[in-house]
Structure formats: structure tokens, C-alpha cells
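A.B. asks: Could you have a look at this structure, given as C-alpha cells, before my questions?
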Amino acid sequence: MSDDVASTLTRQRELYGEPLRDLADRVMGALGLTQGRLARTLGLSAPMLSQLLSGRRTKIGNPAVVQRLYVLLELVDEAPGLAPEELAARIEAVHEVQGTYATTRPTSDSEEATVAGLREVAGPADLRGAADLLAAEHPRLSSLLRKAAEGAHG
């Protein structure tokens, strides 16, 4: 892996919690989508999605596309309990979702409480160090630690 791709994947972890390839693989696997169908559902061109997933591009520029990706990720959790027709309709409806100008995934109240708790028990350097140690095997936890480090004082 080139340094440029490694840098891109690191930045994607910071922006989205994990590389876009991992997010897309989860969505495609759970929802039975091809990469081309995922691109159409998100409202991206297939070449642009390919560049994002391969690490040749870092960031999704359109906030609506980011929001659609997060809606699909939520649908992944619901998919096992949905009838095939309902799942197909929900996937189709994703294309109509409009986004905001946020580039990071919305946080839940429990995530905010966890971040606050981490800030109480460790300083920024320790939080960043822990994030670095966990980055490869636990990218979402690493991202949470980095978020806590950004606002920690001390």
C-alpha cells in the first residue's frame, strides 16, 4: 500500500469512523447490493465510488451522499427483520434522503456520554496513544478515542 493510500485511509477513519471500503463492504454484504447499485443508491458515479473505496480519493463531497450512506448503515442493522419487499423499498427510498453539511457520522447520546467519560479518566496524549494502538483492529473504538482526545484538557 502506498503512503498516499495509507494516508487517505487514515483520514477516512477520522472522517467516517473507518475506511469507506469497510463501510461499503458491510452495506453491500448485508443488503445484497453490488458496487454499481450502491453507487446509484448513494447518488455517486461508479468511478467516483471506486476511487473512494480504493483510497484514491479521501472524502465524499456531497453531504446528501454521506447522509445516504449513514441511512444504509442503519438499515444494515434492521435488514434481518425485514421482508425482502420491505428491504427493497427501503433501499430504493434512500436515494431521496437529503443531507446536511456535516462530514462526520451523527453521534448518539450514549456516544457523547462515553466520550465525556473518557475525557474524565485520561488526557489527550493518552487517549491519542490508545487510539493509535487500536486503530488497525478496532477502527470505530479508535475513532471514539480520538474524538475524546480532541476535546480533552490536560
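A.B. asks: State which residue is surrounded by the most Cβ atoms within 10 Å (Cβ to Cβ) when the search covers only segment 59-88 and only residues that are without any contact (Cβ under 8 Å) to a residue 40 or more places away in the chain and touching a Leu at 6+ places or on another chain (Cβ under 7 Å).
C.D. replies: Looking at the filtered set, the residue picked out is R68.
Results for (1) in the same structural domain as L133 (by TED's automatic domain parsing); (2) touching a Ser or Thr at 6+ places or on another chain (Cβ under 9 Å); (3) of a type in the set (D, E), shown as yes or no for each residue.
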residue: L23; (1), (2), (3): no, no, no
residue: P47; (1), (2), (3): no, no, no
residue: S50; (1), (2), (3): no, no, no
residue: T58; (1), (2), (3): no, yes, no
residue: V65; (1), (2), (3): no, no, no
residue: E78; (1), (2), (3): no, no, yes
residue: E86; (1), (2), (3): no, no, yes
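A.B. asks: Taking the condition of being part of a helix (DSSP H, G or I) and surrounded by 13 or more Cβ atoms within 10 Å (Cβ to Cβ), how many residues in segment 31-47 meet it?
C.D. replies: 9
A.B. asks: If you go through segment 14-29 one residue at a time, how many are aliphatic (A, V, I, L, M) and modelled with pLDDT under 95?
C.D. replies: Final tally of qualifying residues: 1.
A.B. asks: Within segment 83-102, can one find any residue that is modelled with pLDDT under 90 and under 28 Å from L134 (Cα atoms)?
C.D. replies: Checked segment 83-102: at least one residue is modelled with pLDDT under 90 and under 28 Å from L134 (Cα atoms).
A.B. asks: Quick one: in segment 132-143, of everything that is among the aliphatic types (A, V, I, L, M) and at pLDDT below 80, which residue is nearest to G17 (Cα to Cα)?
C.D. replies: If we take residues in segment 132-143 being among the aliphatic types (A, V, I, L, M) and at pLDDT below 80, then L141 is nearest to G17 (Cα to Cα).
The values are calculated or read from the model by the stated rules, or taken from the named source; none is laboratory data. Since the model is a prediction, treat every value here as computed from it, not as a measurement. Neighbour counts are summed over all protein chains in view; Cβ atoms, including those assigned to glycine, are modelled from backbone coordinates with ideal geometry.
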